[in-house]
Amino acid sequence: MCQRGYTSVSLNYRLSPQVVHPTHALDIAEGIKWVHDNISDYGGDPDKLVVMGHSAGAHLALYSVAEATVFQEMALQISSIKAIVGISGVYNIARMANVPFYGSLVIPPAFGHRADTWRVASLLSVLAKHRDSCPLVHIPTLLINAKDDFHLQKDSEELLGWIRKYATSHCRSEVIDQCNHFSILHHQEEKAISSAAIGKISAFLDDL
């Protein structure tokens, strides 16, 4: 994205099991606030932020904007965030927890062992709670998935359906062929896959 003229910042967050949900999202919210307050020093526009993440990072990107109590930590106007991009996001935590082996490996350390906690942490629950007052539905949203992406295309389809119920802004989904959950962002020798994803993102942002 830097090569296309975007000022890019990579945010980090504390990992589990040292911390648990929603601390990860609060870390991201703090990072977004830092970017807003400081990006002008690096040539960026604080009122044209795009929040983007892959896999767990996509969940955190969307959750930090969708959950009002987390979004309030940023002390930002919704208008400062021009778009959200989720790439192969894990939006349904309860569904992920039931994926053989992998779900039991990654979900309990971050979200505990209670099914009700998994549901509350899932994006659909957040949207169902806040509905049209959810900040996310007022921000243009792009959800990208790999062709081979576990169950995550279903997560995206469900989430996009809910967003569209209340959306006042543009939202859409895209699928990248010939890649999986992990290779969708890998820089291949010919860069065909990564270029496809970046191309979809750039086209979406150009339309705003």
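The numbers here are math on the coordinates, done by the rules we state, and not lab data. Keep in mind the model is a prediction, meaning the values are calculated, not measured. For neighbour counting, all protein chains shown are included, and Cβ atoms are generated from backbone atoms with ideal geometry for every residue, glycine included.
Do we find a residue being in contact with a strand residue (DSSP E or B) (Cβ under 9 Å, 6 or more places away or on another chain), over 20 Å from L60 (Cα atoms) and in a strand (DSSP E or B) anywhere in the stretch 162-176?
yes
Say we look at the stretch 81-110 and pick out the residues that are part of a loop (DSSP other than H, G, I, E, B) and either among the polar types (S, T, N, Q) or free of Cβ contacts under 8 Å to residues at least 60 places away in the same chain (or both); which of these is nearest to E67 (Cα to Cα)? Give the derivation first.
Here is the first cut: in the stretch 81-110, the residues part of a loop (DSSP other than H, G, I, E, B) are 88-92, 98-101.
So of that shortlist, the ones also either among the polar types (S, T, N, Q) or free of Cβ contacts under 8 Å to residues at least 60 places away in the same chain (or both) come out as 88, 92, 98-101.
Details: S88: 20, N92: 14, N98: 24, V99: 25, P100: 28, F101: 29 Å.
Checked the stretch 81-110; the qualifying residue nearest to E67 (Cα to Cα) is N92.
If you scan the stretch 1-46, which residues turn out to be in contact with a strand residue (DSSP E or B) (Cβ under 8 Å, 6 or more places away or on another chain) and not hydrophobic (A, V, I, L, M, F, W, C)?
If the condition is that a residue be in contact with a strand residue (DSSP E or B) (Cβ under 8 Å, 6 or more places away or on another chain) and not hydrophobic (A, V, I, L, M, F, W, C), then Y6, H36 are the ones that fit.
Return the total of residues in the stretch 55-80 being more than 9 Å from the chain's Cα centre (by Cα), among the small types (G, A, S) and part of a helix (DSSP H, G or I).
So the answer is 4.
For the stretch 111-133, give me the residue count where each residue is under 28 Å from R172 (Cα atoms) and not in a helix (DSSP H, G or I).
So the count comes out to 1.
May I ask you to say which residue of V50, V65, V126, V90 is closer than 29 Å to S195 by Cβ and touching a Cys at 6+ places or on another chain (Cβ under 9 Å)? Talk me through it step by step, then tell me what you get.
On the way: V50 fails: touching a Cys at 6+ places or on another chain (Cβ under 9 Å); V126 fails: closer than 29 Å to S195 by Cβ; V90 fails: touching a Cys at 6+ places or on another chain (Cβ under 9 Å).
After ruling out the rest, the residue left standing is V65.
Quick check on V51: is it among the hydrophobic types (A, V, I, L, M, F, W, C), in a strand (DSSP E or B) and under 27 Å from F111 (Cβ atoms)?
On the way: among the hydrophobic types (A, V, I, L, M, F, W, C): yes; in a strand (DSSP E or B): yes; under 27 Å from F111 (Cβ atoms): yes.
Spelling it out, V51 is indeed among the hydrophobic types (A, V, I, L, M, F, W, C), in a strand (DSSP E or B) and under 27 Å from F111 (Cβ atoms).
Would you mention how many residues in the stretch 33-56 are free of Cβ contacts under 8 Å to residues at least 12 places away in the same chain and of a type outside the set (D, E, K, R)?
Residues that pass the stated criteria total 3.
When you scan the stretch 134-157, how many residues do you find that are buried (at least 17 other Cβ atoms within 10 Å of the Cβ), of a type in the set (D, E, K, R) and not in a strand (DSSP E or B)?
1
Considering only residues of the stretch 7-48 that are among the polar types (S, T, N, Q) and in a helix (DSSP H, G or I), which is surrounded by the most Cβ atoms within 10 Å (Cβ to Cβ)? Break it down stepwise before answering.
Taking the stretch 7-48 and keeping what is among the polar types (S, T, N, Q), we get 7-8, 10, 12, 16, 18, 23, 38, 40.
Applying the additional criterion that residues be in a helix (DSSP H, G or I) yields 23, 38, 40.
Working: T23: 15, N38: 12, S40: 12.
Ranking the qualifying residues of the stretch 7-48, first place goes to T23.
Taking A58 and the conditions (1) touching a Ser or Thr at 6+ places or on another chain (Cβ under 7 Å); (2) closer than 19 Å to S133 by Cα, which numbered condition does it fall short on, given that it satisfies the others?
(2)
Got a sec? Which of R95, R119, R131 is among the basic types (K, R), crowded, with 18+ Cβ neighbours inside 10 Å and touching a helix residue (DSSP H, G or I) at 6+ places or on another chain (Cβ under 8 Å)? I'd like the intermediate steps shown before the answer.
On the way: R119 fails: crowded, with 18+ Cβ neighbours inside 10 Å; R131 fails: crowded, with 18+ Cβ neighbours inside 10 Å.
Answer to the check: R95.
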